[in-house]
Amino acid sequence: MIAGRFAPVPPPCRPAALLLAVLLVLLPAAARAEGLFLDERFADLERWQPLIFPKIARHSTYTVD
């Protein structure tokens, strides 16, 4: 083969890979630091808001024991 006939291979995009690696490490830590995201524990149904879908004939019922 004759040298120089093929286009040079572009360098790998290391800055993008590094940014992705940093985000994958830091984002879960930031989510933990903010506190509780979703608390499903409750003692009564005072703040419960049912979701009503018009095409569903029978909806679920919830109680707190």
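The values are calculated or read from the model by the stated rules, or taken from the named source; none is laboratory data. Since the model is a prediction, treat every value here as computed from it, not as a measurement. No Cβ is skipped: glycine too gets one built from the backbone with ideal geometry, and neighbour counts run over all protein chains shown.
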Do we find that Ala17 is at pLDDT below 70, in a helix (DSSP H, G or I) and surrounded by 10 or more Cβ atoms within 10 Å (Cβ to Cβ) in this structure?
-> no
Test result for Pro28, modelled with pLDDT of 75 or more, part of a helix (DSSP H, G or I) and of a type outside the set (A, V, I, L, M) = yes
